Amino acid sequence: MVDRSVLVTGGAGGLGGAVTAAFVEAGWRVVVPVRDGSPDAGPAAGGVVRVVADLTDSDQTTEAVRTAAGEVGAPLRAVVNLVGGYASGGLVHETPVAEFERMISLNLRPTYLVTSAALPYLIEAGGGAVVCVASRAALAPFPGAAGYVTAKAAVLAFAAAVAVEYRSSGVRCNTVVPSVIDTPANRAGQPGADPARWVKPAEIAPVIRFLAGDESAPTSGAVVPVYGRA
């Protein structure tokens, strides 16, 4: 019997499919928010519940989290924040502030809204875990992506704050830091690169599932590199 739920944002994305499958295989009820009109908004596979929500909207996020926490006998015990995005641009003085702010909104706002809405349910369930996804770029920036770099660094700082604030409530928060993930979108965007060196979604997914589960109970505030050979 399924006895716990996890909310996986970005669960229909390149990394999200592998993460969702890892939790289903481990016996979790998995709730995956999708945007209205998305091709992923149809019927879900066994063990997965899809809920339509725009995770940049506070009210819709609250409802999605309520759905994740609403299954009797399978309380919400984990949140995995995968939603984000990347856009390259010019140097800082060449980047419009609207583009800079778009990266913040896309990468940080959903993580904040989802986590904030979920924390009371995690506390009520007796504790749980939040897993965020940042990027190696937050630790080792490269030119032409100041908005993305800043947003992912903010995710690291936010996760550290959650870990400190909710330690006494039994809620842990850790961050996974990938290099380049081997997804179709990244292959299309970097045709001259060697994807054999990139980290695969199926390699990251077990790390995330471990950080969400009881096996990692002593661990909070960690920044976990998952670089592959990149």
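Can we say Gly13 is in contact with a Leu (Cβ under 8 Å, 6 or more places away or on another chain), over 21 Å from Cys173 (Cα atoms) and not hydrophobic (A, V, I, L, M, F, W, C)?
For Gly13, the condition - in contact with a Leu (Cβ under 8 Å, 6 or more places away or on another chain), over 21 Å from Cys173 (Cα atoms) and not hydrophobic (A, V, I, L, M, F, W, C) - is met.
Would you please name the residue that is nearest to Phe23 (Cα to Cα), looking only at residues in the stretch 194-230 that are without any contact (Cβ under 8 Å) to a residue 24 or more places away in the chain and surrounded by 14 or more Cβ atoms within 10 Å (Cβ to Cβ)?
Looking at the filtered set, the residue picked out is Phe210.
Among the residues of the stretch 66-125, write down those that are of a type in the set (Val, Ile, Thr), over 16 Å from the mean Cα position of the chain (by Cα) and crowded, with 16+ Cβ neighbours inside 10 Å.
Thr67, Thr95
What is the residue count in the stretch 9-29 for residues that are touching a Gly at 6+ places or on another chain (Cβ under 6 Å), among the β-branched types (Val, Ile, Thr) and crowded, with 23+ Cβ neighbours inside 10 Å?
Result for the stretch 9-29: 1.
Within the bounds of the stretch 135-143, is there any residue that is within 15 Å of the chain's Cα centre (by Cα), over 20 Å from Ile208 (Cα atoms) and either open to solvent by less than 50 Å² (accessible area, probe 1.4 Å) or at pLDDT below 95 (or both)?
Taking every residue of the stretch 135-143 in turn, none turns out to be within 15 Å of the chain's Cα centre (by Cα), over 20 Å from Ile208 (Cα atoms) and either open to solvent by less than 50 Å² (accessible area, probe 1.4 Å) or at pLDDT below 95 (or both).
Can you name the residue in the stretch 148-180 that is over 18 Å from the mean Cα position of the chain (by Cα) and touching a residue at least 40 places away in the same chain (Cβ under 8 Å) and is also most open to solvent (accessible area, probe 1.4 Å) among such residues?
In this case the residue turns out to be Arg167.
The values are calculated or read from the model by the stated rules, or taken from the named source; none is laboratory data. The structure displayed is predicted, hence computed values, not measured ones. Cβ sites come from the backbone with ideal geometry, for glycine too, and all protein chains shown count toward neighbours. Heads up: the accessible areas ignore ligands, DNA and RNA and are worked out on the full protein's heavy atoms, side chains in. Shrake-Rupley method; radii C 1.70, N 1.55, O 1.52, S 1.80 Å.
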